[in-house]
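Bear in mind these aren't lab numbers, they're just calculated from the coordinates by the rules spelled out. Note that the structure is a prediction, hence the values are computed from the model and not measured. Please note: Cβ atoms are built from the backbone with ideal geometry, for glycine as well, and neighbour counts cover all protein chains shown.
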Amino acid sequence: METQPTSNPFLIPVSIIIAGALIGGSVLYSNLGGRAAPQLSAVNAGKAVDNAALLKQAQNDPRALGNPNAPVTFVEFGDFQCPFCGRFFQESERKIVEQYVKTGKVRFVYRDFAFLGAESVAAAEASRCAQDQNAFWQYHDYLFTHQRGENQGAFSKDRLKEFAAALKLDSMKFNACLDEGTHRDAVQKDLDLGRSLGVDGTPSSFVNDKFFNGALPFDQFKAAIDTALAK
């Protein structure tokens with residue numbers, strides 16, 4: 001006599017919980033075993049971190065927006081290829097800039113955490129070459145609006161040079177900067193700095209001394225910023 005396969009009564013509820021977490025939770029890219037993989041953000045988001053040196057550097061960082069003396073400093077460690085950094089840029093960063101940076105309450109700083117491959121490093125270097133021409137933020141925005149997968153040619157050196165031309169930068173200076181690897185060491189230093197602060201994926205953010213993993217909804221960043229401002 002044939003027996004019917006028995007179903008696990010816990011299988012469906014667990015799968016629903018996991019699916020809900022992936023849909024509702026924030027996600028970051030972390031490097032596990034040398035391979036980029038999406039991970040849920042840390043449960044203890046908002047933990048205090050000793051990053052006094054980072055905050056001090058942010059006051060004079062050329063890759064910063066807003067008042068150098070703003071009461072709150074927001075630092076993002078990102079990778080230009082990371083799709084969740086792209087989500088953060090579209091859904092949270094723009095609102096933070098509009099509501100807090102432009103009103104002088106927050107200084108927003110970008111730091112490279114280029115760990116998803118060769119094109120991540122090239123894009124980070126290219127953004128610094130643009131910075132040499134006072135165009136970091138224009139280039140930053142252009143990169144995040146032109147993501148097309150990882151290490152598939154979207155951020156090849158030729159494409160990065162095309163982006164600079166589209167933004168009307170001095171192509172001769174930009175191309176030489178990129179080809180010569182002028183900012184390679186600086187990109188690596190940002191990566192090392194992030195790791196020293198506990199960053200292991202992107203996007204990772206600091207609201208003053210509070211550490212947050214993942215592309216959190218804007219309302220969560222807003223609450224953290226408002227709390228910091230209240231202090």
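A straight Cα-to-Cα reach below 28 Å connects Lys210 with the lysines Lys47, Lys56, Lys95, Lys102, Lys105, Lys189, Lys222, Lys231, residues fewer than 8 places away in its own chain not being considered. Cross-link partners for Lys161 among the aspartates and glutamates, with Cα-Cα distance under 14 Å and sequence neighbours closer than 8 places in the same chain left out: Glu119, Glu125, Asp170, Asp179, Glu180.
In this label model, Lys102 and Ala230 are separated by 2.6 nm, measuring between points 7 Å along each Cα→Cβ vector.
Positive end of the dipole of segment 43-230 (Cβ unit charges, origin at the Cα centre): among Ile225, Gln188, Asn208, the Cα lying farthest that way belongs to Ile225. Under 16 Å from a label point set 7 Å out along the Cα-to-Cβ vector of Asp141, the amide N atoms of segment 100-119 belong to 100-103, 108-110. In this simple spin-label approximation, Glu91 and Arg148 carry label points 7 Å from Cα along the Cα→Cβ vector, and these lie 2.5 nm apart. For Phe113, the residues 5 or more places off, or on other chains, whose built amide H falls under 5 Å of its own are Gly78, Asp79. Counting neighbouring beta carbons within 10 Å and listing from fewest to most, the residues Phe136, Phe88 come out as Phe136, Phe88. Within segment 43-230, the proportion of Cα pairs with more than 24 Å between them is 34 percent. Taking the simple approach of a point 7 Å from Cα along Cα-to-Cβ for both Asn134 and Arg159, what is their distance in nm? Those two pseudo-labels are separated by 3.0 nm.
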